[in-house]
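This report concerns only the one structure given below.
The values are calculated or read from the model by the stated rules, or taken from the named source; none is laboratory data. This one's a predicted model, so the numbers in the text were calculated from it and none came from an experiment. Don't worry about glycine lacking a Cβ; one is built from the backbone with ideal geometry, like all the others, and counts go over all protein chains shown. Remember, those area values only see protein heavy atoms, side chains included, never the ligands or the DNA or RNA. Shrake-Rupley method; radii C 1.70, N 1.55, O 1.52, S 1.80 Å.
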Amino acid sequence: GNSVTQMEGPVTLSEEAFLTINCTYTATGYPSLFWYVQYPGEGLQLLLKATKADDKGSNKGFEATYRKETTSFHLEKGSVQVSDSAVYFCALSPPSISGNQFYFGTGTSLTVIP
Amino acid sequence: DAGITQSPRHKVTETGTPVTLRCHQTENHRYMYWYRQDPGHGLRLIHYSYGVKDTDKGEVSDGYSVSRSKTEDFLLTLESATSSQTSVYFCAIRGRADYEQYFGPGTRLTVT
């Protein structure tokens, strides 16, 4: 079946530290992969995406590379800011599935302290 | 911004009462989704729609029904609310580029 496993949180970092949030997936075929961010009291916002193996998605200094061989899509940022404090969700969309159901990880809470 | 609004944004109701949540989109997207978000579970799909009057069940559909009589509106109904349905409910639409989903601001529902 299809599933996403994210590293457990919460994660607390100092400003300007390096961030990695691990995400691995199980899927048949070649899914599309996504990272979403949720700020307190808000809905999920698409942060970045990758639709095929070896693609790198990037946005706002965040990056993630679609690794088919390790079934991973780890989120990274070189220097976090206080404003990056949020919950981050990894998600996959299976290929060619009617309805395009998404499968979400359980989320990783990030707090960045000054 | 995919032009998605949800109403109400907050609701408190009593066990056993019916509740309807509304999702409205302005960009004529075909696919719409209802999720619930609970601590430790991420987001779980309740129902989705692939067109007017075309709907299907998701992972956690028991106790919920949906309707879509117009492209722009997707309604989620709890026929008889229970405390286990206390949650934050999100509506989403499917984008046209790479099948990404865009989410509304959410409705916080408390069943007492």
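Screening A:Tyr30, A:Tyr25 for residues that are among the aromatic types (Phe, Trp, Tyr) and over 14 Å from B:Asp98 (Cα atoms) leaves exactly one candidate, A:Tyr25. What about A:Thr20, is it among the hydroxyl-bearing types (Ser, Thr, Tyr), within 22 Å of A:Ser83 (Cβ to Cβ) and open to solvent by 70 Å² or more (accessible area, probe 1.4 Å)? For A:Thr20, the condition - among the hydroxyl-bearing types (Ser, Thr, Tyr), within 22 Å of A:Ser83 (Cβ to Cβ) and open to solvent by 70 Å² or more (accessible area, probe 1.4 Å) - is not met.
Scanning segment A:60-83 for residues that are open to solvent by 10 Å² or more (accessible area, probe 1.4 Å), over 11 Å from the mean Cα position of the chain (by Cα) and touching a residue at least 40 places away in the same chain (Cβ under 8 Å) returns A:Thr70, A:Thr71, A:Lys77, A:Gly78, A:Ser79, A:Gln81, A:Val82. Taken over segment B:23-37, the residue count meeting the criterion of being more than 10 Å from every other protein chain (Cβ to nearest Cβ), under 23 Å from A:Gln6 (Cβ atoms) and open to solvent by 20 Å² or more (accessible area, probe 1.4 Å) is 1.
For A:Lys49, indicate whether it is open to solvent by 20 Å² or more (accessible area, probe 1.4 Å) and in contact with a Gly (Cβ under 6 Å, 6 or more places away or on another chain). Yes: the conditions hold for A:Lys49.
All of (1) modelled with pLDDT under 95; (2) open to solvent by 30 Å² or more (accessible area, probe 1.4 Å); (3) aliphatic (A, V, I, L, M) hold for B:Val66 with one exception: (1). Among the numbered conditions (1) open to solvent by less than 70 Å² (accessible area, probe 1.4 Å); (2) within 11 Å of chain A (Cβ to nearest Cβ), the only one that B:Ser7 does not meet is (2).
Among the strands (runs of 3 or more DSSP E) confined to chain A, the ones with at least 2 residues that are more than 30 Å from B:Arg30 (Cβ to Cβ) and within 13 Å of chain B (Cβ to nearest Cβ) are located at A:108-113.
Annotation: B:Thr107 fulfils all but one of (1) at pLDDT below 95; (2) closer than 12 Å to B:Gln6 by Cβ; the unmet one is (1).
Restricting attention to segment B:48-58, and to residues there that are in contact (Cβ under 8 Å) with a residue 12 or more places away in the chain and not in a loop (DSSP other than H, G, I, E, B), which single residue is surrounded by the most Cβ atoms within 10 Å (Cβ to Cβ)? Selected residue: B:Tyr48. From the list B:Ser61, B:Ser80, the lone residue that is open to solvent by 50 Å² or more (accessible area, probe 1.4 Å) and more than 10 Å from the chain's Cα centre (by Cα) is B:Ser80.
Does segment B:85-98 contain any residue that is more than 13 Å from chain A (Cβ to nearest Cβ) and out of contact with any Lys or Arg (no Cβ under 6 Å at 6 or more places or on another chain)? Don't jump to the end; show me each part of the working.
Kept after step one, since they are more than 13 Å from chain A (Cβ to nearest Cβ), are these residues of segment B:85-98: B:85-87.
So of that shortlist, the ones also out of contact with any Lys or Arg (no Cβ under 6 Å at 6 or more places or on another chain) come out as B:85-86.
Scanning segment B:85-98 turns up at least one residue that is more than 13 Å from chain A (Cβ to nearest Cβ) and out of contact with any Lys or Arg (no Cβ under 6 Å at 6 or more places or on another chain).
With the requirement that a residue be farther than 19 Å from B:Glu72 by Cα and in a loop (DSSP other than H, G, I, E, B), what does segment B:30-47 give you? Within segment B:30-47, B:Pro39, B:Gly40, B:His41 meet the criteria.
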